[in-house]
Each structure stands twice: as C-alpha cells, then as structure tokens.
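To keep things clear, I will list the structure first and then write my remarks on it.
The values are calculated or read from the model by the stated rules, or taken from the named source; none is laboratory data. Remember, it's a predicted structure, so these values are computed and weren't measured experimentally. Here the Cβ is made from the backbone with ideal geometry for all residues, glycine too, and neighbour counts use every protein chain on show.
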Amino acid sequence: MMTDADNPTDGTPAGGDATMRVQQLFVRHQGIVKAFILSLQPGFADADDVLQETFLVVTRRAADFREGTNFVAWACSIARLKLFEARRKATSPALSEAALNALCDDTPDDSFFQARLGALRECLQTLAPRAKELVWLRYHSELASQEIADRLAWKEPAVRVALSKARVFLRECVQGRLAKGGA
C-alpha cells in the first residue's frame, strides 16, 4: 500500500526528508569540505568541480548517512574518493593516490576546523585594510595576482609579495590564537 510519503505531491521522492537534511548539512559544512578539498587540490576551479561532484554523491547517498555520526568526516570521505577520480582523469596529477591516502588517513572532526576558522576570522579582522582587501580579492573573489594588480594599479610582483606577507601574518596569528586557546 502506498502512503502519502511514498507519493508526494511536491515532486520530492520518498526519502526526501533524509535528502533535504543531508543537503542542509552539506550547505552548513561546505566551507570545511571545500577547505579539505583545497588542501589536496589547490586549484580553485578544480576544487569547485570536486565540491560539486561531492554534493551530488552526498545527495544520492543521503539514505546512507546515519544521523548522529560525523557528517564532515562522511562528506570528506566522499570528497576524497572524488579527488581520486579527478586525479585518475588528470593527465599529470600533482599527488599520487598513495600520497593522497596518507594525507587523508586522519580526517579531523568538525571542531578541528571550527577552531581554526574562528581564529582565522579573528585574525582577518586585525589585518591592515589594504592587506585585508588583497586577501579578499584573492580568496573570496578568486582573482589571480595579475588580475588584482590590474584592478589596483599595482605591479604583479608587489601583489604577490603583499599576499605572501598577509598569509604569513595570518598563519602566525592563527597559530598563536590556537595555542592560547589550547587547541
């Protein structure tokens, strides 16, 4: 016998609640999943492709996720498989599959990323305004150094040096804040 849940009128397939819940979790944690992907696939465009593929698999496999378990670890394990798939398709992969496995063996939990993200947000607020603008253009707008230089009427090497100094400052600031917080 078919119930209303089996034949919804809104076009959602049976199990839509699980799918919707997993999609909501993915949206909530996509920054962490993307950071995981970027740590292994440093190109923004390639990382975005892997993130999209990961979302599709997470959606298809929503029924496999068990509520109360670590969603980030589950999604990152799917992302790792999508990274392997992308590497196999690439003509010259940057890392071997064995190296990727070694890097992925100990997937941190959500609190690991949240602590670092919180520290990074605090440190970004302490950056000089021009450095903050450069970081925003590079990592939020995903502009290349030359595009930033053109936009700001700077020389491209000056942009690279300023970004390098900003990254060093942010890395040291995040490490200092985490050390103070005991993370």
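Tell me, which helices (runs of 4 or more DSSP H) wholly within segment 42-118 include 3 or more residues that are within 15 Å of the chain's Cα centre (by Cα) and either at pLDDT 85 or above or buried (at least 18 other Cβ atoms within 10 Å of the Cβ) (or both)?
Hits in segment 42-118: 44-60, 71-89.
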**Fill in**
Residues of segment 137-147 being among the polar types (S, T, N, Q) and assigned to a helix (DSSP H, G or I), in sequence order, are S145, Q146
**Message:** Pairs please, first residue from segment 59-75 and in the same structural domain as L25 (by TED's automatic domain parsing), second anywhere and modelled with pLDDT under 90 and assigned to a loop (DSSP other than H, G, I, E, B), Cβ atoms under 8 Å, 6+ apart in sequence or on different chains.
**Reply:** A62/G15; A63/G15; N70/D109; V72/T107; V72/D109; A73/T107; A73/D109
**Matching residues in segment 148-183 - criterion: being without any contact (Cβ under 8 Å) to a residue 60 or more places away in the chain and either on the phi > 0 side of the Ramachandran plot or not in a helix (DSSP H, G or I) (or both)** = A153, W154, K155, G182
**Asked** What do you reckon, is V27 in the same structural domain as A75 (by TED's automatic domain parsing), in a helix (DSSP H, G or I) and surrounded by 12 or more Cβ atoms within 10 Å (Cβ to Cβ)?
**Response** no
**Message:** Could you check segment 125-165 and list, in sequence order, the residues that are among the β-branched types (V, I, T), more than 22 Å from R177 (Cβ to Cβ) and either in contact with a strand residue (DSSP E or B) (Cβ under 8 Å, 6 or more places away or on another chain) or surrounded by 14 or more Cβ atoms within 10 Å (Cβ to Cβ) (or both)?
**Reply:** I148, V159
**Request:** Filter segment 13-24 for residues that are at pLDDT 90 or above and either loosely packed, with under 14 Cβ neighbours inside 10 Å or closer than 17 Å to H140 by Cα (or both) and give the result.
**Result:** M20, Q24
